[in-house]
1. Percent of Cα-Cα pairs more than 17 Å apart in the stretch 209-283, please.
2. Return the Rg/Rh value of the stretch 114-268, two decimal places, where both radii are evaluated on C-alpha atoms and Rh is the Kirkwood radius.
3. Between rounded, prolate and oblate, where does the stretch 114-161 land on the alpha carbon gyration tensor, with a ≥ b ≥ c its root eigenvalues, rounded for a/c under 1.5, else prolate if a/b exceeds b/c?
4. Can you give me the distance in nm between label points at Q3 and D200, each placed 7 Å from the Cα along the Cα-to-Cβ direction?
5. Fully extended, how many nm does the chain gain between K408 and V115 (0.36 nm per residue separation, minus their Cα-Cα distance)?
6. Ranked from highest to lowest mean number of other Cβ atoms within 10 Å per residue, what is the order of the peptides 200-210, 372-382, 251-261?
7. Show log10 I(q)/I(0) for the stretch 133-194 at q = 0.26 Å⁻¹, two decimals, from a solvent-free Debye sum over equal Cα scatterers.
8. What is the angle, in °, between the Cα long axis of helix 411-428 and the longest principal axis of the Cα atoms in the chain? Nearest 10 is fine, range 0 to 90.
Amino acid sequence: MEQLRSTLQENNQEHLLRFYNDLSVEQKEQYLCKLQEIDFHKMGQLFQDAQQSIESEGQLLDTFMEPVSSEQLGSYENCDPTLRESYYNRGLQEISKGTVAVLIMAGGQGTRLGVSYPKGMYSVDLLSNKSLFQLQAERIQKVQQIANEKFNGNGKITWYIMTSVPTYEATQKYLTENNYFNLEKENVVFFKQGLMPCFDFDGKILMDAKDKLAMAPDGNGGIYQALKISGILDDFQTRGIQNIHVHSVDNILTKVADPTFIGYCIEKGSDCAAKVVKKSSPHEAVGVICKVKDKIQVVEYSEISQAQAESTNPDGSLIYNAGNICNHFFTADFLRKVANKDMQVHVAKKKIPYINDQAEIIKPSTPNGIKVEKFVFDVFQFSSHFVVWEVPRDTEFSALKNADSAGKDCPSTARRDLYRLHKKYLEEVKAIVVGDEVEICPLLSYAGEGLEQYSGKQINSPMHLV
Ligand code: UTP
């Protein structure tokens, strides 16, 4: 106890013991154990890094930036169709051999969407009423079937689900109760990312109960440490997994285990890659993938001047156009390599509930502290062969971030974009679609294939094709 007290004093955190005498014997014991697990010196360092990150906010990176080289950039639309098909087949072949896994990052708290349960369980009110998790699980099932039929294999795609303390229980319960949407139980693996303490602006760790520190998930960049700590890197080895498709939970159009993307990355010999979409306008608030001082980095919209964002190539296209959509490819070896790297921290000023000196719970109406996060893309710099695969936005990207009141990246835009894509798939096989609300079950078609039976047929909306 004395040692702990002096460590806390040295690190300006002695307030963490101010309610200690109010606790029961059992609570005291548990609380001390928790405090002893924390490296307070490291936390002090973390806060200093966070402060530096705040101080460098608003600094423009213009003069250090250059776009990724053309050799590193592939494009679905500009790719020769025969070559593209060879990528697709290569991806399918790897799936059929069982070297491919999918890792969904589902540890975020979805605060902007504003629901009390994990975002993957959210339904955007499709005709089928399917949740994001269900759509993704069914896409896995379908692409696995396509691959095994084509290459006469028996490969299984393991579905790794990264959760966090706030999302773990509900996610696991939901998927278990729904029988993993017919994926095999042994091929669905849950793990948890870590937590980081929340600080006030003076670097003091906030408490949200007399025996509890205010903690938050350590950002989607927590994935690398979590893969190691939870034994997933070893699991890759046991299962013979070499190629991992990592994506966010909240893009309703995600081509899960996309064979073309995976095949492209493998053919290029890449160890780390990102899918991107063209920015919708120079001022769309997305990060762009580019080089900064010769290292691959995602530059946030706030780090680039208006003029730089608007700068164009001779053909009129934007120079900084590779919009990052949180959709990546990694080899298992690369994930092993970065598991022990120290990662940069990013800071968000947030309204963090806490207890005051009277142990009253305060829910602030303005930001009162900081959450520290790591970002999944901060390891791109460690890649020895990084590539980018640009895909059309209308077929691959519609994010669910906000409630409908925001009018963008919300349930109604996600629903609209999925219906629009599915209508397009049907029109490509010359079906006549009357109205806009058509949904195709992923078990019928993964990405528009296998719909020839509807050629020349009239489909009246609303219609859910199964
Ligand atoms: P976002 O930061 O865009 O979404 O994460 P969020 O955290 O769910 O929502 P807000 O910001 O609170 O409104 C992008 C992806 O990274 C995952 C999210 O689940 C989402 O798939 N993520 C985010 C994690 O897995 N862990 C985290 O700590 C943060």
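Read the figures in this text as sums done on the coordinates, not as results from a lab. Everything numeric in this text was worked out from a predicted model, so none of it was measured. Counting neighbours? That spans all protein chains shown, and the Cβs are built from the backbone with ideal geometry, glycine included.
1. 65
2. With Rg and the Kirkwood Rh in hand, the quotient comes to 1.02.
3. Judged from the Cα gyration tensor, the stretch 114-161 comes out oblate (a/c at least 1.5, b/c at or above a/b).
4. For Q3 paired with D200, the spin-label model returns 2.9 nm.
5. Difference between extended and current length: 103.8 nm.
6. 251-261, 372-382, 200-210
7. Here the Debye-derived log intensity ratios amount to -1.10.
8. For helix 411-428, the angle is close to 20 degrees.
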